[in-house]
1. Using θ = phi - 60° and the Karplus curve 6.51 cos²θ - 1.76 cosθ + 1.60, what whole-Hz ³J(HN,Hα) does each residue of the range 255-269 get, with Gly and Pro shown as x?
2. With each pseudo-label sitting 7 Å past Cα toward Cβ, what's the VAL177-THR330 distance in nm, one decimal?
3. When ligands, DNA and RNA are left out and all protein chains stay put, how many square angstrom of accessible area per residue does the chain have with a 1.4 Å probe?
4. Counting each DSSP H run of 4 or more residues in the chain as -39500 (n - 2.57), what helix-only mean residue ellipticity at 222 nm follows after dividing by all residues, to the nearest 500 deg cm²/dmol?
5. Apply the Karplus curve 6.51 cos²θ - 1.76 cosθ + 1.60, θ = phi - 60°, to the phi angles in the range 359-368 and return the couplings in whole Hz, x for Gly and Pro.
6. Counting Lys +1, Arg +1, Asp -1, Glu -1, what net charge surrounds GLU360 among other residues with beta carbon under 14 Å of its beta carbon?
7. Find how many whole Å separate the alpha carbon centroid of the range 86-127 from the alpha carbon centroid of the range 165-216.
8. Accessible area of the chain with a 1.4 Å probe: how many percent of it is carbon plus sulfur?
Amino acid sequence: STQSTWDWDSWLSNIALRQILQDQGTVADKTEAIPYEQGCILNYLAYTDTSGYMPIVVDTKSDPARLKPDDLYASNMHKPVIAQHAAFLTKLNNGDAGWLREKFARMQDFIRNYQTHHRNIGTGLFFWQDDLAIGVDNDPSTFFRPNKSSASIFLNCLMYKELKAMAYLAQRLKLDVASVQYEKDADTLKMAVQKNCWDEKDGFYYSVDINLRPITNEPSIVFGHPFVLHKGMPRTYDGLIQRIGVWSGFMAMWAGIATPEQAKRMVSENYLDKRTFNAAYGIRTLSKLEKMYSLKASSNPSNWWGPIWGISNYLTYRGLLKYGYRKEATDLAYKTIMLFGNDFKKEGALHEYYNPENGEPIINKGFQNWNYLVLNMIDQLTGQKTIEEF
């Protein structure tokens, strides 16, 4: 079989792997892992040229020429997690980023590609080009929506953390001017997300629809006469908030974008609401009140219309901890431990996603990947040294 690595999967499973090495690995084990971990990143950078296009998945037989889409700047690419992964490993390496120096320019090209071709000028938000391989496959704010229309809260939270990671890496490589610029870019994006994605009505962060017609002063023929339609009061906004209750709104806490006041409302009005997100085994990936809510077993796309995923539980858990909601975080950790513990006890394996009400597995027996981040939760609960993402 072909051995392949996927973008955010390899990053997050590495966080779990490092926890296992922390708990049970010898010094030799930890040292042996390093070239493989760094290799994950260096492999992707080897497939990245000055265009900045970085593939989403590579395998042992990948042909660089075939990996590139026809239009490099109108296709989804690697999620903005490569710098976060590299920063995580660099921190483990006592801040030594020397292993990355030779290829760091390609990482900068990758970020430049996102900033130049995947960012909406009006809102300052990043958008998906289409709904191919967006990680959260059928997120309704992007799934089957027009191309370039979805300024996803998931994508923008990842990008904020990615820019912070770039600032750190540049600083470790003594590229101080670049480091300062990435910090500024991160601050600018944080303000854009707070301005455009926060919904005061619901106390939650949402994705934004940027698929709006341009404002024009060019007349068209209306009722037989030249006329500039809506000239007296054109739109004053650059996006429309998508009030679809998707779990990735909680990523604004994971990323550190939410203000403390916003986090308080997110927890009390959304996280704790059993009608929407809060279920017996964790966080529903889609609010149960949404019309498209479904627990159907599907692999193409994977189903994020409600089932519990280990990764959404974990990232929401991290966000709760970050803002001091320890009781709620502990509760979510125990739910996740019970979910996987019951599955392993009964099936001898874990699955990809689960029924929120009874914890029954839905699909893909043997799925491992980021599910092992439950070990990071266990170590946090028991006061052990915990490995965390950058």
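The values are calculated or read from the model by the stated rules, or taken from the named source; none is laboratory data. What you are looking at is a predicted structure, and each value in this text was computed from that prediction instead of being measured. FYI the Cβ positions are ideal-geometry reconstructions off the backbone, even for glycines, and counts take in every protein chain you see. Surface areas here come from the heavy atoms of the whole protein model, side chains and all, with no ligands, DNA or RNA. Shrake-Rupley method; radii C 1.70, N 1.55, O 1.52, S 1.80 Å.
1. Each residue of the range 255-269 in turn: 7, x, 8, 5, 6, x, 5, 5, 4, 4, 6, 4, 6, 6, 9 Hz.
2. Between VAL177 and THR330, the label points sit 5.1 nm apart.
3. Details: 18100 Å² over 390 residues.
On a per-residue basis, the chain sits at 46 Å².
4. Details: 12 runs with 162 residues, N = 390.
Theoretical 222 nm ellipticity from helices: -13500 deg cm²/dmol.
5. The phi angles translate into x, 5, x, 9, 7, 6, 4, x, 4, 10 Hz.
6. Local charge sum for GLU360: 0.
7. About 14 Å separates the Cα centre of the range 165-216 from the one of the range 86-127.
8. Working: 9610 of 18100 Å².
Percent of accessible area from carbon and sulfur atoms in the chain: 53.
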